[in-house]
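The next block holds one structure in the form of structure tokens; read it before the comments.
The values are calculated or read from the model by the stated rules, or taken from the named source; none is laboratory data. None of these values were measured; they are calculated from a predicted model. Here the Cβ positions follow ideal geometry from the backbone for every residue, glycine too, while neighbour counts run over all protein chains shown. Calculation scope for accessible area: heavy atoms of the full protein, side chains included, ligands and nucleic acids excluded. Shrake-Rupley method; radii C 1.70, N 1.55, O 1.52, S 1.80 Å.
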Amino acid sequence: VITFDELNEAAFDADDIILQATSSSNLPITFISSDPSIASVNGTTLTIHKAGSINITATQPGNDNYFPALDVTQTLVILKAPQAITFSSIDERVFGSMPFEVLAESTSGLVVGFESSNPQVASIEGN
């Protein structure tokens, strides 16, 4: 019999997870990821590659003295990581002023998009 506890949700940017399971025969457990593109397993170390949901299966094939144990599968949900956007304040402008650049950065490194709350007052060109 394999004992493999439920897996807690993890964030995309989480450290590797050490998988733990035991078998009543004390034989080694092998872990398998249902989608190695989301999270891969090497021995007992699970490495997260992207957000998503996968199944991790614990198997134990038996040996000369023990039958194989029934597989136990746990679902792992990998959440998107949080990000912050740093946005510089915009100085007051006079109608008819020259266009100006607006700058922002995200902690994820993703492109930041801009949108005017009132395109009749100010329009945005580009990101």
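Of note:
- Subset of the stretch 1-17 that is buried (at least 16 other Cβ atoms within 10 Å of the Cβ) and over 17 Å from the mean Cα position of the chain (by Cα) - its residue that is nearest to PRO68 (Cα to Cα): ILE2
- Residue in the stretch 95-110 that is at pLDDT below 85 and either under 15 Å from the mean Cα position of the chain (by Cα) or among the hydrophobic types (A, V, I, L, M, F, W, C) (or both) present: yes
- Odd one out for PRO68, checked against (1) in contact with a strand residue (DSSP E or B) (Cβ under 9 Å, 6 or more places away or on another chain); (2) touching a residue at least 12 places away in the same chain (Cβ under 8 Å); (3) in a loop (DSSP other than H, G, I, E, B): (2)
- Condition check for THR86: surrounded by 11 or more Cβ atoms within 10 Å (Cβ to Cβ), modelled with pLDDT under 95 and not acidic (Asp, Glu): no
- Here SER97 qualifies as among the polar types (S, T, N, Q) and either open to solvent by less than 100 Å² (accessible area, probe 1.4 Å) or touching a Ser or Thr at 6+ places or on another chain (Cβ under 8 Å) (or both).
- Among the residues of the stretch 63-74, those identified as touching a Leu at 6+ places or on another chain (Cβ under 7 Å) and open to solvent by less than 100 Å² (accessible area, probe 1.4 Å) are ASN63, GLN74.
- Of the residues making up the stretch 25-55, those that are open to solvent by less than 70 Å² (accessible area, probe 1.4 Å), part of a loop (DSSP other than H, G, I, E, B), on the phi < 0 side of the Ramachandran plot and out of contact with any His (no Cβ under 7 Å at 6 or more places or on another chain) are SER25, LEU27, ILE29, ASP35, THR44, ALA51.
- Among (1) open to solvent by 90 Å² or more (accessible area, probe 1.4 Å); (2) under 21 Å from the mean Cα position of the chain (by Cα); (3) free of Cβ contacts under 8 Å to residues at least 12 places away in the same chain, the one test that GLN20 misses: (3)
- First in the stretch 72-86 and under 11 Å from SER106 (Cβ atoms), second anywhere and open to solvent by 50 Å² or more (accessible area, probe 1.4 Å) and not in a loop (DSSP other than H, G, I, E, B), Cβ under 6 Å, 6 or more apart: THR86/GLU105
- Residue list for the stretch 74-94, filter: among the basic types (Lys, Arg) and over 34 Å from the mean Cα position of the chain (by Cα): ARG93
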